[in-house]
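> One structure, as structure tokens, below. Some questions next.
The values are calculated or read from the model by the stated rules, or taken from the named source; none is laboratory data. Note that the coordinates shown come from a computational prediction; the quantities given were computed from them, not determined experimentally. Here Cβ is always computed from backbone atoms with ideal geometry, including for glycine, and neighbour counts include all displayed protein chains. The area values use the complete protein model at the heavy-atom level, side chains included, leaving out ligands, DNA and RNA. Shrake-Rupley method; radii C 1.70, N 1.55, O 1.52, S 1.80 Å.
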Amino acid sequence: MTVTIREVTSNKQFRQFINFPYKLYKGNKYWAPPIRSDEKSTLSRSKNPAFEYCNTKYWLAYKDGKIAGRIAGIHHKSHIEKWGKNQLRFGWIDFIDDPEVTSALLSAVENWARELKMESIIGPLGFTDLDYSGMLVEGFEELGTLATIYNYPYYPEYLELNGYRKDADWIEYQITIPVEKPAFIEKSAKRVKRQQKLRLVEAKKTKEILHYAKGLFDVINESYSKLYGVVPLSEKQIEKYTKQYIGYVHPDYIALIVDDSDNVVAFGVTMPSFTKALQKSQGRLFPFGIFHLLKAMKKNDLVDFYLIGIKSEYQGKGVGAMIMNKMADSFIKRGIKFAESNPELESNDKIQTQWKFFDKRQHKRRRSYIKDLN
């Protein structure tokens, strides 16, 4: 049967759009199911502040009477204004192992891009740099993380068959945490602290971290501004992400570096891996998923790096040693054996130098694709 494409226009279709990957990847031991409530919030026009400057369309593909794929198109006005390129983003793309389904989905978003007079289409990308970015092209037999896309190996193959090519790559590392912290890490951290007149925030409770949340996101906006596809976060988005993520970070898993005026100049945010917990709950927090997550918080030997940022004026001055010193102490105390770096642009040498203190293995690669439209 031929493939049918339908734009998502009803609440039922919206739920089906969100739920499709949970069926496609059910039982997959590498996929980290997204938190369903977070997915709904991100894709909902009434809940995501990004819709103040983004227009979207969502489509479902049907084959043999069953849903066979999905894709989102994002007309991102801030991206176009900042980067000066008439590009349409696509994201939230999933499909069965069928090239006809893939072509139909991509054609839907490409046709919309042409209607909007776009010159090219890029993705997978989200609304912001904190959404899912990049299709997995290496590391299909590695455990995924909550912050990243997992996809089957046929995904990139079918995109390339439809004329998509590499636009940017991110790489990921698995870092081995030593049983004892190397002395030179602490020595480097103390030297930088003294020379740059900086201080590590010794937070005991999460609410102490929230006091610095605005400064943390200011560092993100400043230090990430030149990275691929990044657009500045608005005040409403900062508020949303603070409530959604920062409010749940245990002080042991965050390093906040401030200057003598108590302004955030650098940070590192990590969390215990939630992949196994989310696999058990299939992304549902309630009624029992929350207990799996709480257990993962207390007993885990794997941690995920989510964000690292250093203000540009402090980059190249060894401030990363202060972040890594704090993290090493916390990880060793909590029995962490491995850390996942999560994606970093392959061209971003500055962030990759953060791992020089540890044994590491580059084990995943993901890609943003581009296709020029005629």
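> Return the residues of region 329-353 that are aliphatic (A, V, I, L, M), within 16 Å of residue 174 (Cβ to Cβ) and either open to solvent by less than 20 Å² (accessible area, probe 1.4 Å) or part of a strand (DSSP E or B) (or both); say none if nothing qualifies.
Within region 329-353, the first condition is being aliphatic (A, V, I, L, M), and the residues that meet it are 332, 336, 339, 345, 351.
Within this subset, residues satisfying the condition of being within 16 Å of residue 174 (Cβ to Cβ) are 336, 339, 351.
Within region 329-353, 336, 339 meet the criteria.
> Continuing with the same structure: Enumerate the pairs (first residue in region 257-285 and charged (D, E, K, R); second residue anywhere and open to solvent by 20 Å² or more (accessible area, probe 1.4 Å)) with beta-carbon separation below 6 Å, excluding pairs fewer than 6 apart on the same chain, so at least 6 apart or on different chains.
Here the result reads 260/197; 280/292; 284/36, each pair linking region 257-285 to a residue that is open to solvent by 20 Å² or more (accessible area, probe 1.4 Å).
> Being of a type in the set (Val, Ile, Thr), assigned to a strand (DSSP E or B) and under 24 Å from residue 36 (Cα atoms): is that true of residue 122 here? Can you show your working first?
Numbers: of a type in the set (Val, Ile, Thr): yes; assigned to a strand (DSSP E or B): yes; under 24 Å from residue 36 (Cα atoms): no.
In short, no.
> Pairs, please: C-beta under 8 Å, at least 6 apart or cross-chain, first residue closer than 23 Å to residue 348 by Cβ and open to solvent by 30 Å² or more (accessible area, probe 1.4 Å) and in region 222-251, second of a type in the set (S, T, N, Q) and not in a loop (DSSP other than H, G, I, E, B)?
Hits for this filter: 222/312; 228/368; 232/78; 232/221.
> Taking the condition of being within 15 Å of residue 228 (Cβ to Cβ), surrounded by 15 or more Cβ atoms within 10 Å (Cβ to Cβ) and among the charged types (D, E, K, R), how many residues in region 153-176 meet it?
Counting residues in region 153-176 that are within 15 Å of residue 228 (Cβ to Cβ), surrounded by 15 or more Cβ atoms within 10 Å (Cβ to Cβ) and among the charged types (D, E, K, R) gives 2.
> Taking residue 288 as meeting all but one of (1) open to solvent by 40 Å² or more (accessible area, probe 1.4 Å); (2) within 21 Å of the chain's Cα centre (by Cα); (3) over 25 Å from residue 168 (Cβ atoms), write down the number of the exception.
(2)
> For region 354-374, how many residues are without any contact (Cβ under 8 Å) to a residue 60 or more places away in the chain and crowded, with 17+ Cβ neighbours inside 10 Å? Step through it out loud before you land on a result.
Of region 354-374, the ones without any contact (Cβ under 8 Å) to a residue 60 or more places away in the chain are 354, 356, 374.
Subsequent filtering for residues that are crowded, with 17+ Cβ neighbours inside 10 Å retains 354.
Result for region 354-374: 1.
> Limited to region 311-328, what total is found for residues that are β-branched (Val, Ile, Thr) and open to solvent by 20 Å² or more (accessible area, probe 1.4 Å)?
First pass over region 311-328, keeping only residues β-branched (Val, Ile, Thr): 319, 323.
With open to solvent by 20 Å² or more (accessible area, probe 1.4 Å) added as a condition, the list becomes none.
The qualifying residues number 0.
> Is it the case that residue 189 is buried (at least 19 other Cβ atoms within 10 Å of the Cβ), in a helix (DSSP H, G or I), of a type outside the set (S, T, N, Q) and more than 23 Å from the chain's Cα centre (by Cα)?
Yes; evaluated as a whole, the condition is true for this residue.
> Also, I was wondering about something else. Scan region 220-240 residue by residue and report those that are closer than 27 Å to residue 39 by Cβ, in a helix (DSSP H, G or I) and touching a strand residue (DSSP E or B) at 6+ places or on another chain (Cβ under 8 Å).
The one that is closer than 27 Å to residue 39 by Cβ, in a helix (DSSP H, G or I) and touching a strand residue (DSSP E or B) at 6+ places or on another chain (Cβ under 8 Å): 220.
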